[in-house]
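Following: one structure in structure tokens, then a few remarks.
The values are calculated or read from the model by the stated rules, or taken from the named source; none is laboratory data. Keep in mind the model is a prediction, meaning the values are calculated, not measured. When we count neighbours, we look across all protein chains shown, and the Cβ atoms used for this are built from the backbone with ideal geometry, even at glycine. Accessible surface is based on the protein model in full, side chains and every heavy atom, while ligands, DNA and RNA are left aside. Shrake-Rupley method; radii C 1.70, N 1.55, O 1.52, S 1.80 Å.
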Amino acid sequence: MENSLVCYVIRNLIVVLALATAAALAADEIHLQKDLFSEIRGIPEVERAMFKEVNRVREEQGLPPLTHDDGLTAAARQHSDEMTRLYYFAHDSPTPGLKNVLGRVYSAGLTDISVAENLASENSVPPSADAEEVGRKLTKLFLASEYHRENILDRRFTHSGIGCVASEEGTLFCTQVFSKRSIKFKKIKLKKETANVLKVTLTLKTDDLVGVWLDEVNTRIFEPENGSVAVDLWFRVAGGPHKVVFASRPADEFGTMKGFFMGKFDPAKPFDFSAGITDVDVTSENREHGESTIYVLETEGELLTNAEGLKIADGNVQNIIKLRGKKFKTKYPILAGSGLHEIYFVTGNETAHGLKVDADRPLAEAFRQTVPGD
């Protein structure tokens with residue numbers, strides 16, 4: 001036991017995930033990539049023994065069992081395998097894109113952003129060692145560490161995977177990955193559409209920060225300059241009428257924005273916001289017709305929890321996704337060239353899944369992976 005090593009646990013690490021792109025992609029769409037690590041082999045007998053022992057301990061504490069997940073297992077095996085090959089023992093990987101547990105979970109094809117990781121290494125484990133005994137020994141070692149024990153007994157976690165790989169010298173490396181999962185995705189893809197779009201430019205007289213909601217989707221927050229805010233809005237010509245809401249708050253204050261104008265706009269009719277304006281004036285407008293590219297994020301799946309609903313958040317606004325029972329489908333449009341969008345899927349009051357879409361990049365590169373330290 002003296003040669004055993006246990007690394008400090010990463011807990012509650014929340015980072016917006018994004019998706020790596022596959023080598024062969026259709027020209028007009030890309031899909032969530034699945035399991036880059038399926039070829040990595042672990043020691044399933046030890047992995048099963050550890051998983052069984054962890055759930056036995058959770059049951060003793062009155063906690064629900066963890067559900068085994070192939071993607072988390074693949075991420076765990078990848079890290080254990082890399083540690084044997086590159087001769088290190090740490091949560092942080094030197095490999096770009098796999099810097100931490102979130103990068104590895106993402107690269108296994110998952111969107112979970114509430115995860116944790118336990119690491120252990122046991123020297124001189126003979127090939128003939130009893131798997132059940134090794135599994136119990138490593139689990140007991142975890143439970144002796146306060147931080148590892150907290151992860152094992154954390155009620156929030158619902159899924160787990162364990163990956164054990166032995167080095168040529170006989171050292172056994174085991175990685176245990178935990179995840180809180182509230183959504184099961186059946187499909188996540190990003191596709192490209194070209195549509196007739198009307199661009200409207202407004203200049204609002206105000207010294208406040210201005211947020212604009214178009215059809216209940218936040219475009220962005222605009223900052224005042226010299227007593228005015230310039231706002232660009234894009235409408236599909238055939239998509240009207242549209243609901244537009246402006247909201248504001250003083251630039252030097254924090255808190256909830258307050259709506260000061262609500263109106264409807266139909267691209268097929270003359271442009272007129274004047275009926276709804278109370279606190280600001282429209283000083284100019286500009287109508288531009290033309291071809292614009294729209295990225296459309298399509299998702300389909302079901303809820304795994306009893307949360308009352310599902311929201312998709314982009315920036316500062318959360319929007320309700322319609323559910324049929326616990327199943328959902330949604331299409332989320334993103335104007336190409338509109339910058340980086342941080343998109344979260346929220347169940348109840350907690351964010352559980354996330355993506356980044358960089359609309360300034362070509363479609364094949366728009367799903368973007370961002371991991372601290374890369």
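Annotations for the structure displayed:
- Stretching Asp266 away from Lys331 to a fully extended chain increases their span by 21.3 nm, per 0.36 nm per residue minus the current alpha-carbon distance.
- Peptide packing: for 154-166, 334-346, the average count of neighbouring Cβ atoms within 10 Å per residue gives the ranking 154-166, 334-346, highest mean first.
- Principal axis dimensions, region 308-359 - Cα atoms, whole angstrom, descending: 36, 20, 15
- Cα gyration tensor shape of region 30-164, rounded if a/c is under 1.5, else prolate or oblate by comparing a/b with b/c: oblate
- Tail fraction, Cα-Cα pairs, region 162-215, threshold 17 Å, whole percent: 75
- Whole-percent carbon and sulfur share, accessible surface of region 144-200, 1.4 Å: 44
- The modelled label-to-label distance between Leu214 and Gln61, using points 7 Å beyond Cα along the C-beta direction, is 4.9 nm.
- Burial ranking of peptide ranges 227-236, 49-58 (average Cβ count within 10 Å, highest at the top): 49-58, 227-236
- Rolling a 1.4 Å probe across the protein heavy atoms gives region 92-147 an accessible surface of 38 Å² per residue.
- Net charge, Ile43 excluded, C-beta distance under 12 Å - Lys, Arg +1, Asp, Glu -1: -1
- Segments 241-251, 174-184, 83-93, 203-213 sorted - mean Cβ within 10 Å per residue, highest first: 174-184, 203-213, 241-251, 83-93
- Here the gap between Val237 and Leu143, fully extended at 0.36 nm per residue and compared with their Cα-Cα distance, gives a gain of 27.7 nm.
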